[in-house]
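Below is one structure, written out as structure tokens; comments come after it.
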Amino acid sequence: MGLNLTQKIIKSHLISGNMVTGEEIGIKIDQTLTQDATGTMAYLQFEAMGIPTVKTELSVSYIDHNTLQTDYRNADDHIFLQTVAAKHGIYFSRPGNGICHQVHLERFGKPGKTLLGSDSHTPTNGGIGMLAIGAGGLDVAVAMAGQPFYLPMPKVVRVELKNSLKPWVSAKDVILHLLSILTVKGGVNKIIEYGGEGVATLSVPDRATITNMGAELGATTSIFPSDEQTRLFLKAQGREEDYLPLQADKDAKYDEIIEIDLGLLEPLAACPHSPDNVKKVKDLHIKVDQVAIGSCTNSSYTDMKRVAEILKGKTIHPNVSLVISCGSKQVLAMLARDGSLAELISSGARILESACGPCIGMGQAPKSGAISVRTFNRNFEGRCGTKDASVYLVSPEVAAATALTGQLTDPRTLGDYIPISLPAKYLIDDRMIIPPSGEVNDIEVIRGPNIKPVPLGKPLENDISLPVSIKVGDNITTDHIMPAGARILPLRSNIPAISEYVFHSLDPLFAQRAKELKQSVIIAGNNYGQGSSREHAALAPMYLGVKIVIAKSFARIHKANLVNFGILPLEFVNPNDYDLISEETTLIFTNLKQALNSKEVTAKIVETEKEIKLQATLSMRQIEIIKKGGLLAYSKSQVDLL
Ligand code: MIC
Ligand code: SF4
């Protein structure tokens, strides 16, 4: 029987387990990437493993999330990351060089290889035919140490693309359409594999927009075949030797098949406050205050050039603030050289540096009650920095048209389509990427006062009584659990300080209450922990004494992060039992370690004496990790056994 693309790459990287859906597999990781907001923890953890140089083929440390430098803390993180990279054989992409996913696609991504990144949008590089997966920083540190990455063997969904996109409809509309079908939890433990005749009509940057936002489906990753389009992109990046053709076999099997006729799609928008709340732009008549173009989803040279062509010779609407952040220095420099940057500036755009910027609330928060239209990938409440703002996610074409008219605008009203093709040659200048130095011994790792040691988890207690510290609903994001933004991001290297902000937007008293309770349990609905890979959303609750999270279901990366830091994730066997628990409830767990061996746990509600059945959908390896108090302690115990 033939293999699909996912199975081919997994098979060639399989270290343990069998490719049977749901069974835990361990795969070899060829490349890793980190960014600054998750990277400091990842490298502190890597240092704790005592391994001199990384064991991967390539590891890159990017600075892109926090580049505001409002005080010493941010700058201290940057110099720590630069020196720790030099010491351990890691490439370092300097601040200003661009957003990790975009730069990785341009300069490092290779078809057929595996990439593990401490950022949930790592699947962007699936656009170039890589198996690119997002994970917590500790998992990435372990992969840098040469250990396998473990995950449940996902289901593989084929998305069959038919025909080609109509003028003014673009890659963003493809993924928004898929989000409207599958929702933000429809991709959990699935890999989305694209195929069909429509694939050849999409360039690598288009494909990367689609795989990037596969993260919003909760998917393990998304992947495109590697074909002539891939070769052309790599050639234009001066890397044709990295090209490897890669297709699914004709008779490959899939767990599910979804068909999308590209020719039937129209410009779409994800409405507040969820990427799956998708409507047709032509049906939305809304006045707009801010337009933001950029982020790792839509900031390629072709995206930006199209925006410049739309804005050329025109002026943005007086009520709109337009901010533009290019995905990389390569994109910005090319726009500068071909005159597009001048067009953007003349039209009234405010140009930001090539970084994540407004996507994660690092500046450019809109006004109170604003409508902000963005080419980004997440529109969770408050993420833009203004709690009562409403964010709409759209394509660059819709964003540019909207900036001109001041209301959400279907770009098909602009007239003749402006086709922009892939450049035959990109501007290659890697001077902002510092390769690892040969003389690692002389390098001193510089640690500023904001860089605090990583707290460790404690081994699981067998009998434990836990009051509920918070009860939350469905689709709680990691932005709810551990917010980002200009005020909180500088604390990413300082867990005691950042833990004060856990659940801040939902309940500002949470941190204080959790500390008073000393030990507690969190109760949640479906898809708990969707969104980012930030392990701080597990580490900080652990620091505040959270021992167990009980949810109707979990998002993949967050669940793995909870295990890594020794917090036990349990699921309701009967989801209605969620209603039996309130914020006043205390739960008693007895003989927990033995119960975990059978993966079935019973909790008793102290107030009502009712018993509720819970399940641990974890591998035996993960259960051992929990018993030891987290992955670092577990890994150490494995080494001590040798
Ligand atoms: C995000 O888009 O939410 C982030 C910021 O890139 C995160 C990483 C982080 O929290 O540092 C992600 O997607 O993993
Ligand atoms: Fe950066 Fe936004 Fe992309 Fe996250 S989603 S990596 S914050 S640009």
message: For a quick check of your reading of the filter: which trypsin sites (Lys or Arg not before Pro) in the stretch 257-342 sit in a DSSP loop and have no more than 15 other Cβ atoms within 10 Å?
response: Lys312, Lys314
- request: Specify the inter-centroid distance of the stretch 354-417 and the stretch 265-309, based on alpha-carbon positions, in whole Å.
  value: 6 Å
- prompt: To the nearest 20 debye, what charge dipole does the stretch 419-479 have about its Cα centre, counting +1 at the Cβ of each Lys and Arg and -1 at the Cβ of each Asp and Glu?
  reply: 160 debye
query: Among Ala538, Ile605, Phe589, whose Cα sits farthest toward the positive end of the charge dipole of the stretch 534-612 (+1 at Cβ of Lys/Arg, -1 at Cβ of Asp/Glu, about the Cα centre)?
result: Ala538
Student exercise, the chain dipole from Lys, Arg, Asp, Glu Cβ charges, in Debye to nearest 20: 320 debye
Globularity ratio of the stretch 516-580, using Cα Rg and 2.2 N^0.38 Å: 1.06
query: Where Lys and Arg each count +1 and Asp and Glu each count -1, what net charge lies around Leu427 among other residues with Cβ under 11 Å from its Cβ?
result: -1
message: Rounded, prolate or oblate, given the Cα gyration tensor of the stretch 367-459, with a/c below 1.5 counting as rounded?
response: oblate
message: Could you work out [θ]222 nm for the chain from helices alone, using -39500 (n - 2.57) per DSSP H run of at least four and dividing by all its residues? Round to the nearest 500 deg cm²/dmol.
response: -8000 deg cm²/dmol
- prompt: What ranking of His121, His285 emerges when the number of other C-beta atoms within 10 Å of each C-beta is taken as an exposure proxy, fewest first?
  reply: His285, His121
query: Say the dipole of the stretch 179-324 comes from +1 at the beta carbon of Lys and Arg and -1 at that of Asp and Glu; which of Thr221, Thr315, Leu179 then lies farthest toward its positive end?
result: Thr315
field: Local net charge near Thr83, Cβ-Cβ under 14 Å (Lys/Arg +1, Asp/Glu -1)
entry: -4
- request: Could you bin all the Cα-Cα distances of the chain into 20 Å bins starting at 0 and give me the percent of pairs in each, rounded to whole numbers?
  value: 20, 56, 23, 1
Three-way shape label, the stretch 172-213, alpha-carbon gyration tensor, a/c 1.5: prolate
field: Local net charge near Phe554, Cβ-Cβ under 13 Å (Lys/Arg +1, Asp/Glu -1)
entry: +2
query: By the gyration tensor of its Cα atoms, with a ≥ b ≥ c the square roots of the eigenvalues, what is the shape of the stretch 5-103: rounded for a/c under 1.5, prolate for a/b over b/c, or oblate?
result: prolate
statement: A chain fully extended from Asp338 to Val606 at 0.36 nm per residue, minus the present Cα-Cα distance, gains in nm 89.5 nm
message: Report the Cα centroid-to-centroid distance between the stretch 577-640 and the stretch 427-488 in angstrom, as an integer.
response: 24 Å
- request: Taking the Cβ of each residue in His273, His101 as the centre, tally the other Cβ atoms inside 10 Å and list the residues starting with the fewest.
  value: His273, His101
- prompt: Dipole of the stretch 532-642, Cα-centred, from +1 at each Lys and Arg C-beta and -1 at each Asp and Glu C-beta, to the nearest 20 debye?
  reply: 520 debye
message: Could you tell me how far the Cα centroid of the stretch 128-144 sits from the Cα centroid of the stretch 205-257, in Å?
response: 17 Å
- request: Could you pull out the GluC sites (Glu not before Pro) across the stretch 453-525 that fall in loop regions by DSSP (anything but H, G, I, E, B) with no more than 16 other Cβ atoms inside 10 Å?
  value: Glu461
query: How far apart, in nm, are two points set 7 Å out from the Cα along the Cα-to-Cβ line at Thr70 and at Asp442?
result: 3.9 nm
message: Once you keep just the Cα pairs under 8 angstrom separated by 6 or more residues, what percentage relative contact order results for the stretch 131-275?
response: 36 percent
query: How big is D for the stretch 114-164, in µm² s⁻¹ as a whole number, if Stokes-Einstein is applied with the Kirkwood radius of its Cα pairs at 10 °C and 1.306 mPa s?
result: 128 µm²/s
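Values in this text are rule-based calculations from the coordinates and carry no lab data. Please read all numbers here as calculations on a predicted model, not as lab measurements. Positions of Cβ are generated from backbone atoms using ideal geometry, with glycine treated the same way; all protein chains shown enter the neighbour counts.
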